[in-house]
Amino acid sequence: MRSYRALTMEKTLLPLTPLSTLHIERHQLPANGLIPNTTIQHKPLIIYRGIFPAPTPSASQIEGHIAAVGVFEPMWRYPMYPDDHFHTTSHELVVVHRGRAKLNFGGEGCEGAVVTEVQAGDAVLIPAGVSHRLVEDLEGGFEMVGSYPVGADHWDLCYGKPGEEEHVANIKNLGWFDRDPLYGDNGPACKIERMRKVARACAAPRATRRAAQIFDHVTHADFMEKHLSTDEDQKHLRAQAREIDLLVANQRVAKPSVSTQLRLPIDKRESGIRGKRRPADAPMAEVHATELISTSRLSSPKRMLA
């Protein structure tokens, strides 16, 4: 059983691998029977590879770092349950401090499941609803630090069985975070919510709900990284991310006179996205910010991304 205890730790930030060299994986997982995975909130499973420069800090040092960032609260040290399970009352962060293991995210029989090895220094941010289990302890002594958002309800355990539907319905009401639980203001987890803030800032009172949705999709890092495969596209994505960060930092609000261009990847499967059609010889299509400002019956920008 997990050791649930009041952790005593010194809140001290640790040196981290620079984001420019950190390997990050984001995964959207389809529903698997009664296991929702990421289909409710569409927040990706995020795997951080090697967040700490060698040697890997101790469990107490990792706990102190998480507590110092202040987004999550360390609660336990344990490997992981060997049965498929998920939480509906809270998101979960696990950081490996010892050993190496194979984990399953998505559940047994899930066509889009992520079965991967993690080792000391890796971390995984598991959104509520995502099934996870220990497949194999590869070296013996595998252990992680488990944490939950500060102020969150105590985590529950669901297994994708009949009778859990009411608990699963609660997932849609859970909030996300403005800061990454490990990197703080500039980490990969907070970018998801940051992009939505940019969309709200650019949603002038006369902007349409559809325009706001397009902007939100354009700035969704997971979608862009998934569909932009060439080095040139990835370079452009990084440049766009820097521009978005500046927009957020300066709290700029787009108006019809703004001439800033956004570049919208158009995928054949994303038929619901409206934008200029991509020429056959071009991987991207341009959408001007002024095209996001149009007439609407909506009176409040707060309703744009409800």
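Every number here is computed from the coordinates shown, using simple stated rules; none is lab data. Treat the numbers as computed from the prediction; the structure is a model and nothing was measured. So basically every Cβ, Gly included, is an ideal-geometry build from the backbone, and we count neighbours across all protein chains shown.
Please compute the length gained on full extension between Ile24 and Glu108, using 0.36 nm multiplied by the number of residues separating them and subtracting their Cα-Cα distance.
Values: separation 84, 0.36 × 84 = 30.24 nm, distance 2.38 nm.
Answer, rounded to one decimal: 27.9 nm.
Could you tell me what a quarter of the Cα convex hull surface of the stretch 15-110 works out to, in nm² with one decimal place?
In nm², the orientation-averaged hull projection of the stretch 15-110 is 7.2.
Ala169 versus His42, label points 7 Å from Cα toward the beta carbon: distance in nm?
2.3
What order do you get for 28-37, 73-82 when each peptide is scored by the mean count of other beta carbon atoms within 10 Å, highest first?
28-37, 73-82
If I model a spin label as a point 7 Å beyond the Cα along the Cα-Cβ vector, how far apart are those points for Val150 and Tyr81 in nm?
Each label point lies 7 Å from its Cα, and together they span 2.8 nm.
Roughly what would the spin-label model give for Leu34 and Ser60, points 7 Å off Cα along C-beta, in nm?
Distance between the two pseudo-spin positions: 4.3 nm.
Can you work out the FRET efficiency for the pair Leu13 and Val115, with r the C-beta to C-beta distance and R0 = 30 Å, to the nearest 0.05? Numbers along the way, then the final one.
Details: r = 33 Å, r/R0 = 1.09.
That pair, Leu13 with Val115, gives E of 0.40.
Compute the relative contact order of the stretch 1-154 as a whole-number percentage, counting only Cα pairs closer than 8 Å that sit 6 or more residues apart in sequence. Please report the intermediate quantities before stating the final value.
Numbers: 384 pairs, mean separation 46.7, N = 154.
Value for the stretch 1-154: 30 percent.
If you take the square roots of the eigenvalues of the alpha-carbon gyration tensor of the stretch 59-176 and sort them as a ≥ b ≥ c, do you get rounded (a/c under 1.5), prolate (a/b over b/c) or oblate?
Numbers: a/c = 2.21, a/b = 1.13, b/c = 1.95.
Oblate is the answer for the stretch 59-176, as a/c is 1.5 or above yet b/c matches or exceeds a/b.
Please list, in order along the stretch 141-157, the HN-Hα scalar couplings obtained from phi with the Karplus expression 6.51 cos²θ - 1.76 cosθ + 1.60 (θ = phi - 60°), rounded to whole Hz, x for Gly and Pro.
Per residue, the Karplus-derived 3J(HN,Hα) values read x, 4, 7, 10, 9, x, 9, 9, x, 4, x, 6, 5, 4, 5, 10, 10 Hz.
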